[in-house]
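Down below is the structure, laid out as structure tokens.
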Amino acid sequence: MYEIMTPGPTQVHPDVLASRSCWAPNPDLDPAFLHFYHQTAQQLTRLIGGRDDYQSLLLSGEGMLALEACVATLTQPGDRVLILDNGVFGAGFADLVRLYGGLPMVYNMDDRRAFDPVALGIYLEHNHKFKYATMVHCDTPGGILNPVEQLCPVLKRHGILTVVDAVASMFGERLNVSFGLDFTCGASQKALSAPAGLSFVTLSPDAQDAIRQRETPVSGFYLNLQNYMGYHQSGEFPYTMPAHDIQGLATALRRVEEDPDRYSRHDLMARGVRAALERGGLVLHPQNGFSSTVTAFQVPAGLSDKAILDTLRQDHGILLANSFGRFAGKLLRIGHMGENCQREKLLRTLGALQQVLSDLGFCVSEDLCETFSRRT
Ligand SMILES: *Cc1c(COP(=O)(O)O)cnc(C)c1O
């Protein structure tokens, strides 16, 4: 066993684990399940600022399912799609769009900075013939947080629908979908701290219209969000819903609801981690757009990410993450979201990190735990 301090999957609270082991109603035949599913989905919608005319769907599958389901359901062959790319997940949307016959146009400025709504507005003045745009709230591999509540209204002014990957930010970062977010994707295993296996899509009224109005058939069954529309009236889901997973989700959502300091704690802990690393002489990857759920920093020159992670896990029982895609081998990441986001856990993590870096030949310029303690 080791302490999981990665940016997802995160640590799971015993109450969440326990509720997944309780008896559950039959999801195909028992109206009590339909009611439970609907209430849980509505609670999720409320917690991310959705009004009564917003609707959340709980899908059985890991976070990528939500992203792919949105793209599969929205994209008709030949559709032009704007891809906001300043990280690995941002770029990944272009591949999904291509798979479903769309034409991705990549908007890429600087991998170390968040997108600027003003610059996007200027770009859109001359380039706005897009059916929808994709963006990532927190692009985890580089740890960049994009201001989606300011970016989406700029796109909506040009009639462009928005797909937002909020998998790594939802419930660790304040998020209000009523600021022009049409398709908002989340998942169970990040800041919500439930086991991997569920993803969510929250639909604005415009998103629901777009799904209903699609003319050509969706090339996919599992990915087709049309199959969910009207489930509450018909009482029918496209396939058997994972009742025990949703019980865990409901418990995790209740923990969010009963945690009024949640977002300020995430913010404070993240600031403490960033200050500790910077004062210690490490280099943060983001130059702005700092995330409250994950901190990505550069692997010190001459060291290997793998050696650092292996030593941390084997000698100190703490698991951190490296990065992947265009950042493979270059960055390390601390996930301080959900159940990971506790002062004592982060103190242990920073203490161990300092020790391992020093064992491997990099001495920090200021004690990490001391800075963190002072700031938190
Ligand atoms: C974790 C994550 C997902 C889900 O993808 P996996 O790599 O399969 O875990 C999607 N988007 C973002 C931003 C994520 O952090």
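One residue alone among Ala243, Ala276, Ala270, Ala191 is under 30 Å from Val364 (Cβ atoms), of a type outside the set (Lys, Arg) and over 20 Å from the mean Cα position of the chain (by Cα), and that residue is Ala276. Look at the stretch 4-29: where a residue is more than 25 Å from Gln314 (Cα to Cα) and a partner is within 15 Å of the ligand (Cβ to nearest atom) and open to solvent by less than 70 Å² (accessible area, probe 1.4 Å), sitting 6+ places away or on another chain with Cβ atoms under 6 Å, you get Val16/Ala194. Do the conditions hold for Gly272, that is, is it at pLDDT below 95 and not basic (Lys, Arg)? Taking the combined requirement at face value, the residue does not satisfy it.
Scanning the stretch 199-217 for residues that are open to solvent by less than 20 Å² (accessible area, probe 1.4 Å) and among the aliphatic types (A, V, I, L, M) yields Val201, Leu203, Ala207, Ile211. Residues in the stretch 222-248 that are in contact with a helix residue (DSSP H, G or I) (Cβ under 7 Å, 6 or more places away or on another chain) and part of a loop (DSSP other than H, G, I, E, B): Leu223, Asn224, Met229, Gly235, Phe237, Pro238, Met241.
Among the residues of the stretch 111-132, those identified as open to solvent by less than 20 Å² (accessible area, probe 1.4 Å) and either within 16 Å of the ligand (Cβ to nearest atom) or among the hydroxyl-bearing types (Ser, Thr, Tyr) (or both) are Phe115, Tyr132. Against the conditions (1) more than 12 Å from the ligand (Cβ to nearest atom); (2) farther than 21 Å from Tyr132 by Cβ; (3) among the charged types (D, E, K, R), Asp182 satisfies every one except (2). Going through (1) closer than 22 Å to Val201 by Cβ; (2) within 16 Å of the ligand (Cβ to nearest atom); (3) open to solvent by 50 Å² or more (accessible area, probe 1.4 Å) one by one, Ile4 falls short only on (1).
Within the stretch 203-211, is there a residue that is over 27 Å from Pro9 (Cα atoms), at pLDDT 95 or above and part of a loop (DSSP other than H, G, I, E, B)? There is at least one residue in the stretch 203-211 that is over 27 Å from Pro9 (Cα atoms), at pLDDT 95 or above and part of a loop (DSSP other than H, G, I, E, B).
Just name the residue that is most open to solvent (accessible area, probe 1.4 Å) out of those in the stretch 42-55 that are free of Cβ contacts under 8 Å to residues at least 24 places away in the same chain and closer than 23 Å to Arg255 by Cβ. Across the stretch 42-55, the extreme among qualifying residues is Arg46.
Take the conditions (1) within 30 Å of Leu145 (Cα to Cα); (2) in contact with a Gly (Cβ under 7 Å, 6 or more places away or on another chain); Ser19 misses just one of them, which is (1). Kindly evaluate Cys152 against the criterion of being modelled with pLDDT of 95 or more, closer than 18 Å to Leu67 by Cα and within 15 Å of the ligand (Cβ to nearest atom). No: the conditions fail for Cys152. Is it the case that some residue within the stretch 163-175 is away from the ligand (no atom under 16 Å from the Cβ) and either in contact (Cβ under 8 Å) with a residue 40 or more places away in the chain or not hydrophobic (A, V, I, L, M, F, W, C) (or both)? For the stretch 163-175, residues away from the ligand (no atom under 16 Å from the Cβ) and either in contact (Cβ under 8 Å) with a residue 40 or more places away in the chain or not hydrophobic (A, V, I, L, M, F, W, C) (or both): present. Quick check on my filter: what residues within the stretch 255-283 are touching a residue at least 40 places away in the same chain (Cβ under 8 Å), within 20 Å of Gly186 (Cα to Cα) and surrounded by fewer than 23 Cβ atoms within 10 Å (Cβ to Cβ)? Selection gives Arg255, Val256, Glu257, Arg262, Tyr263. Of all residues in the stretch 139-149, those satisfying the criterion of being within 16 Å of the ligand (Cβ to nearest atom) and either out of contact with any Gly (no Cβ under 8 Å at 6 or more places or on another chain) or among the charged types (D, E, K, R) (or both) are Asp139, Gly143, Val148. Leu57 satisfies every condition listed in (1) away from the ligand (no atom under 14 Å from the Cβ); (2) in contact with a Phe, Trp or Tyr (Cβ under 6 Å, 6 or more places away or on another chain); (3) under 19 Å from Gly159 (Cβ atoms) except (3).
The values are calculated or read from the model by the stated rules, or taken from the named source; none is laboratory data. Here the structure is a predicted model, which is why all the values come from computation and not from measurement. Glycine gets a Cβ as well: all are built from the backbone with ideal geometry, and neighbour counts include every protein chain shown. We work out accessible area using only protein heavy atoms, side chains counted, and drop any ligands, DNA or RNA first. Shrake-Rupley method; radii C 1.70, N 1.55, O 1.52, S 1.80 Å.
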